[in-house]
Amino acid sequence: MNMHMPTDNDAQETTTPAPATGGVTPMMEQYIEIKAANPDSLLFYRMGDFYELFFDDAEKASQALGIVLTKRGKHQGHDIPMCGVPVHAADDYLQKLITQGFRVAVCEQIEDPAEAKKRGSKSVVRRDVVRLVTPGTITEDKLLAPSESSFLMALGRVKVGVAAASQASFALAWIDISTGAFRVAETSAERLLADIFRVDPRELIVAEPVFHDPELRPVFDVLGRVANPQPPSLF
């Protein structure tokens, strides 16, 4: 069984810091803006030779990786938690996070610091998310477990006219990212959790109406970080 689930139902959620209202550095203001655009992922924010994490991300990553949690600056009168990993070893840390079900947004410097200085002495180096790493979408050999399949599964409702989830049918489609093998199946609410566990996906993409259906809440509480809600238009 490679479905790695958190020990509590809130472990997959991260908290986006409140928008900067002054009193933070331009760098931290940039971080908060980028984090707001990636609320469901841990943000690896490139700072020279390190990827740094702040606020709630730092607390979760330090615990998951067993690294030191420190602090840098203040935000709204409170110390800002911070931890970091060296760029040269980032893949090792990414693998540990992905194994535990986290999603990671990798934010790189997209211009040279010298170019930033040309815009003014206080200008911040431009950064942007260039890579989103999730349990079901990794393709790099060094991040994949060689002896295990890496399934990405999608889940949607088949009988959309049925009001009660208990009477509905659900479609499952899954692909092994490491080999390209693809399968589909139909299941019932009663069999849903068992069929998901049978395939044992690294990540489950779920239509938002299904994910938020109160009758199915126990299913997604069990799945934890593995379940990833997406707009119904994608299904």
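Nothing in this text is a laboratory measurement; each read-out follows from the coordinates by a stated rule. These numbers were taken from a predicted model, which means no experiment stands behind them. Glycine also receives a Cβ, built like all others from the backbone with ideal geometry; neighbour counts cover every protein chain displayed.
Could you calculate the FRET efficiency of Glu190 with Leu234 from 1/(1 + (r/R0)^6), where r is the beta carbon distance between them and R0 is 25 Å, rounded to 0.05?
Rounded to the nearest 0.05, the efficiency is 0.45.
At R0 = 22 Å, how high is the FRET efficiency between Asp91 and Met27 if r is their beta carbon distance? Nearest 0.05 is fine.
Plugging the Cβ-Cβ distance into 1/(1 + (r/R0)^6) gives 0.35.
List His78, His212 from most exposed to least, where exposure is judged by having the fewest other Cβ atoms within 10 Å.
Lowest to highest Cβ neighbour count: His78, His212.
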